[in-house]
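Peer 1: My questions will all concern the structure given below.
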Amino acid sequence: MGIEIEVEANGRKYNPASNCAVVICLDGCEPEYLDVAISEGLMPNLKRIRSEGTDALAHSVIPSFTNPNNMSIATGRPPAVHGICGNFLFDPETGEEVMMNDVRFLRAPTLFSKYYEGGSRVAVVTAKDKLRALLGDGLKFDENRAICFSSEKADQATKGKNGIQNASEWLGRPVPEVYSADLSEFVLAAGVKILKEWSPNVMYLSTTDYIQHKFAPNQQGAKDFYAMADAYIGELDALGAALVVTADHGMKPKHDVNGEPSVIYVQDLLDDWLGIKKARVILPITDPYVVHHGALGSFATAYLPSEVDANEITSKLSNIDGILLVVNKSEAVKRFDLPPDRIGDIVIISTENMTLGTSIDRHDLAALKEPLRSHGGLTEQEVP
Ligand SMILES: [Zn+2]
């Protein structure tokens, strides 16, 4: 039973949730993962849904990172509107780097909160806890009409703060390792149980890209993951949900023929050209969970000293092999709909098989067990 009122969020109108609408964000799902898994017969449900429904590719927002895109899915708008343009924010006034996963950085209401206000029952389950607060902004848990928790902290969920008491016990699954496929499987299993037992009108399920950072589409670890996901997609479909399967960004190999990470250390270059620590390079992919990517992605922004001509640095960087695009702030804001107060003086994007680092001594590459795969730029913008 749906709530028959139209919802308006951030200047757009949305249909009433007449049967349960379920959106699955498969983190880091480069379209090739689905193509390979389907062609090998590992995703029969998605194959059928694709042929019966609508199948298209879309562009994620830039930077093609997790939080900006989850928030664009959640708000229906680009980072210029919702404000979340990475995991990190540099405050030039204080010289501090601040995590952007706090709700105070969010500048627009989510569709989830708008559906909730309209009387709908809303469920949000994420793999990593870093997204939970942002996605759950505006939900209230005192009327049994909202559920919002992460698998990472499922055992700490409470009725008052998450709408559910100890989600790990409720689901009958232990809290998975943070670096695991299980962390994502927990999300999908929880989605099926919520749909069966709790009848949400709107549900958002967001996995983690640990597997995609680790395995290419033709590797067994990836195939196992998509076969697993397909079984849950089939269950959700069989329960009558209106399903959307999409991704926050793609994923590309970022290593040389020897399996060593391909990196341009931008802070080292700028130190060389302008003097030590005169410029400040920010990698918005950096977060507390860096084991699978070493904080290396395809997107960087840099704050330059005021006396420096940004256009000169832009053209110098543009000439480096492996750099796809360098633009100044105003161009980046215009082209990618970014919030001008949360990016540096220039934006740098690397090519398909290259990443951008700060200084060579600031990246712990020893933690990388597999050849690097990562995202953040234009070559990882295409999503299902
Ligand atoms: Zn992601």
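Peer 1: Of the conditions (1) more than 13 Å from the chain's Cα centre (by Cα); (2) within 16 Å of the ligand (Cβ to nearest atom), Val7 fails just one. Which one is it?
Peer 2: Unmet condition: (2).
Peer 1: Okay, moving on. Which one is farthest from the chain's Cα centre (by Cα), of the residues in the range 227-251 that are within 16 Å of the ligand (Cβ to nearest atom) and under 12 Å from Leu46 (Cα atoms)? Lay out the reasoning, then the answer.
Peer 2: Quick first cut of the range 227-251, residues within 16 Å of the ligand (Cβ to nearest atom) only: 229, 245-251.
Those still in the list that are under 12 Å from Leu46 (Cα atoms) too: 229, 245-246.
Working: Ala229: 17, Val245: 14, Thr246: 11 Å.
Among residues in the range 227-251 that are within 16 Å of the ligand (Cβ to nearest atom) and under 12 Å from Leu46 (Cα atoms), the one farthest from the chain's Cα centre (by Cα) is Ala229.
Peer 1: Mind listing whichever residues of the range 62-89 are farther than 23 Å from Val202 by Cα, within 16 Å of the ligand (Cβ to nearest atom) and among the aliphatic types (A, V, I, L, M)?
Peer 2: Across the range 62-89, the qualifying residue is only Ile62.
Peer 1: Could you please give the count of residues in the range 101-123 that are in a loop (DSSP other than H, G, I, E, B) and under 22 Å from Asn162 (Cβ atoms)? Walk me through it before giving the result.
Peer 2: Here is the first cut: in the range 101-123, the ones in a loop (DSSP other than H, G, I, E, B) are 101-102, 106-110, 118-121.
If we keep only those that are under 22 Å from Asn162 (Cβ atoms) as well, we get 101-102, 106, 109-110, 118-121.
Matching residues across the range 101-123 total 9.
Peer 1: Specify the residue that is farthest from the chain's Cα centre (by Cα); the eligible residues are those in the range 174-211 that are within 13 Å of Glu152 (Cα to Cα), β-branched (Val, Ile, Thr) and at pLDDT 95 or above.
Peer 2: Only one residue tops the list, namely Val175.
Peer 1: Out of (1) touching a residue at least 60 places away in the same chain (Cβ under 8 Å); (2) assigned to a strand (DSSP E or B); (3) surrounded by fewer than 18 Cβ atoms within 10 Å (Cβ to Cβ), the odd one out for Ile349 is which?
Peer 2: (3)
Peer 1: For the range 204-221, does any single residue satisfy the condition of being among the basic types (Lys, Arg), over 19 Å from Ile360 (Cβ atoms) and touching a Gly at 6+ places or on another chain (Cβ under 8 Å)? Steps first, answer last, please.
Peer 2: Taking the range 204-221 as the starting set, the residues that turn out to be among the basic types (Lys, Arg) are 214.
Those left that are additionally over 19 Å from Ile360 (Cβ atoms): 214.
Among the residues that remain, those that are also touching a Gly at 6+ places or on another chain (Cβ under 8 Å) are: 214.
Taking every residue of the range 204-221 in turn, at least one turns out to be among the basic types (Lys, Arg), over 19 Å from Ile360 (Cβ atoms) and touching a Gly at 6+ places or on another chain (Cβ under 8 Å).
Peer 1: Within the range 309-330, does at least one residue satisfy the condition of being touching a helix residue (DSSP H, G or I) at 6+ places or on another chain (Cβ under 9 Å), in contact (Cβ under 8 Å) with a residue 24 or more places away in the chain, closer than 26 Å to Thr94 by Cβ and loosely packed, with under 15 Cβ neighbours inside 10 Å?
Peer 2: No, every residue in the range 309-330 fails to be touching a helix residue (DSSP H, G or I) at 6+ places or on another chain (Cβ under 9 Å), in contact (Cβ under 8 Å) with a residue 24 or more places away in the chain, closer than 26 Å to Thr94 by Cβ and loosely packed, with under 15 Cβ neighbours inside 10 Å.
Peer 1: Tally up the residues in the range 16-35 that are more than 12 Å from Ser120 (Cβ to Cβ) and either in contact with a Leu (Cβ under 9 Å, 6 or more places away or on another chain) or within 14 Å of the ligand (Cβ to nearest atom) (or both), please.
Peer 2: 12
Peer 1: Among residues belonging to the range 176-221 that are within 16 Å of the ligand (Cβ to nearest atom) and charged (D, E, K, R), point out the one that is nearest to Asp27 (Cα to Cα).
Peer 2: Ranking the qualifying residues of the range 176-221, first place goes to Asp209.
The values are calculated or read from the model by the stated rules, or taken from the named source; none is laboratory data. Bear in mind that the values here come from a model prediction, so they are computed numbers and not experimental data. Reconstructed Cβ throughout: ideal geometry from the backbone, glycine too, with neighbour counts over all protein chains shown.
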